[in-house]
1. Regarding the range 335-343, can at least one residue be identified that is within 16 Å of the ligand (Cβ to nearest atom), open to solvent by 10 Å² or more (accessible area, probe 1.4 Å), at pLDDT 95 or above and under 30 Å from Val63 (Cα atoms)?
2. Taking the condition of being within 34 Å of the chain's Cα centre (by Cα) and open to solvent by 70 Å² or more (accessible area, probe 1.4 Å), how many residues in the range 215-249 meet it?
3. So which residues in the range 219-258 are within 23 Å of Ser200 (Cα to Cα) and assigned to a loop (DSSP other than H, G, I, E, B), if there are any at all?
4. Name every residue in the range 415-426 that is among the small types (Gly, Ala, Ser) and either over 12 Å from Thr370 (Cβ atoms) or modelled with pLDDT under 95 (or both), in order of residue number.
5. For the range 197-214: of the residues being open to solvent by less than 30 Å² (accessible area, probe 1.4 Å) and among the charged types (D, E, K, R), which is modelled with the lowest pLDDT?
6. Could you say which residue among Glu105, Glu165, Glu119 is in contact with a helix residue (DSSP H, G or I) (Cβ under 8 Å, 6 or more places away or on another chain) and farther than 22 Å from Leu316 by Cα?
7. Checking Leu325 against (1) more than 16 Å from the ligand (Cβ to nearest atom); (2) closer than 16 Å to Arg292 by Cα: exactly one of these is not met. Which one?
8. Out of the range 368-392, which residues are of a type outside the set (S, T, N, Q), under 34 Å from the mean Cα position of the chain (by Cα) and open to solvent by less than 40 Å² (accessible area, probe 1.4 Å)?
Amino acid sequence: RLPSRPRRLGALGLSPRSRFVQGGGPAAPVAWSAVSASPTEFHTSPGMRDILAPESNRWRRFVEVFESIVEPAGYRLIVPPMMEDAGVFKRVGEATDVVSKEMYEFTDLGGRHVALRPEQTASVCRAYVQHRPTTPWKAWYAGPNFRYEKPQRGRYRQFDQVGVEVLGVDDPYLDAEVIALGWRFFEALGLRRVELLVNSLGEPADRARYVEALRAYFTAHLDELTAESRQTLERNPLRVLDSKRAPDAPVIAGAPQLAEYLSKEAAAHFDAVREGLDALGIPYRVEPRLVRGLDYYLRTTFEFAGGTLDSAQNALGGGGRYDGLVEALGGPPTPGVGFALGVDRTLLACDDEGVFEPPVHTPDVFVVDTTGGLEALLVTEELRRAGYSADRAYDNRSMKAQMKAANRSGARVAVIIGEDERAAGTAVIRPLRGDGEQFAVPRSDLLTHLEAVLKP
Ligand code: AMP
């Protein structure tokens, strides 16, 4: 038996060794007796959340649905580390807020300058350069990213994304395939109000000419821009188009459009992408102001917008081509295309549309044992090994309390063992739903009888 301990600490599931004393920072382990009467109650940091059941079940299911769409299309799971040399992200995103202002970066105990990943495309490209898999290389991922953002609904400091990346293919119909995977995934979740926006950023030279035109235009309208956008303009004129701040809207509406700067090759690529989407029957809207900030993004760019969230948080995901990224990370010139979808924000969209509800997990069987609990230990194990989900009550509680727990569990049947049943070598099967009668069976035949009740 464990020594009795202050209830609150026990409830937190912490061992004495992992306990930190009040006042911040890890301290030497303290004995239970030395913990003050009201120890600090730790909570998650701002922008970070615990995801408890049933929401956590939904999260897992979400990833399973994503897997069921992308695996049959030839994409294979990659699990990159959550922390990398900060240079991986800096190399590709120096001009973005995500990297320049929001990245969790620090020096580790070995003196390495590392960062918690703010996104996974850079990690996937770094992995490609490191391992040189054969192309086309089709990868999918699911996992958390970290950005020091201002927390609000749909915007957190730790958030999950699922995504795909394909390296080594230039074909515009691949862009259509990648976009279609995202679209089919939203369909599989049951979302009906997602809008697909597409655009082309052109070839690097087209883009460079466009950036200069934008710079000139916004500089001429400097007084009408918000202070934040004036700052963004200095770093990256394209990003000004991304501003969701209302006062910037009229200036942005009058800005030059990328389409006017597209080369013939880029226009042909974009035409083929749209042809592919049309052929697949995927509805989209060409949004001439849709951009991505990184210099390595070119040609196709797209975004999935949710129909219900606030406009600042309505992007459920986005992606595009980034043909220069692998090279920027020290690899050979390699085309790439992919997307990332925000799990948290997509689930909020599901809430708003009333679809993809959290799966409720209930046991098949609840074991009630009033003889001390050893029978329940054996029977639950036997049931679980036979493939049933089985739960039980603990602490040798009264029959009434255990039956209450059985009903609350949502189980379909209770298996009851009292002193009489133990003595007779039997168990009682009691249906908890519907109006079936309870009946006693020999313990040795329990599984056969349960099967008849549970799998009619
Ligand atoms: P990005 O990598 O910035 O293109 O983001 C892709 C998607 O990830 C967005 O459309 C969001 O759904 C999600 N996302 C990005 N940042 C956050 C955040 N701070 N909190 C929650 N979701 C986010």
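1. Yes, there is a match, as at least one residue in the range 335-343 is within 16 Å of the ligand (Cβ to nearest atom), open to solvent by 10 Å² or more (accessible area, probe 1.4 Å), at pLDDT 95 or above and under 30 Å from Val63 (Cα atoms).
2. Total satisfying the criteria: 10.
3. If the condition is that a residue be within 23 Å of Ser200 (Cα to Cα) and assigned to a loop (DSSP other than H, G, I, E, B), then Asn236, Leu241, Asp242, Ser243, Lys244, Gly254, Ala255, Pro256, Gln257 are the ones that fit.
4. If the condition is that a residue be among the small types (Gly, Ala, Ser) and either over 12 Å from Thr370 (Cβ atoms) or modelled with pLDDT under 95 (or both), then Ala423, Ala424, Gly425 are the ones that fit.
5. Arg207
6. One residue alone meets the criteria, Glu105.
7. Result: Leu325 passes all but (1).
8. Passing the criteria: Leu383, Tyr388, Ala390, Arg392.
The values are calculated or read from the model by the stated rules, or taken from the named source; none is laboratory data. None of these values were measured; they are calculated from a predicted model. Cβ coordinates were reconstructed from backbone atoms using ideal geometry, including for glycine residues, and neighbour counts include every protein chain displayed. Ligands, DNA and RNA are excluded from the accessible area calculation, which covers all protein heavy atoms including side chains. Shrake-Rupley method; radii C 1.70, N 1.55, O 1.52, S 1.80 Å.
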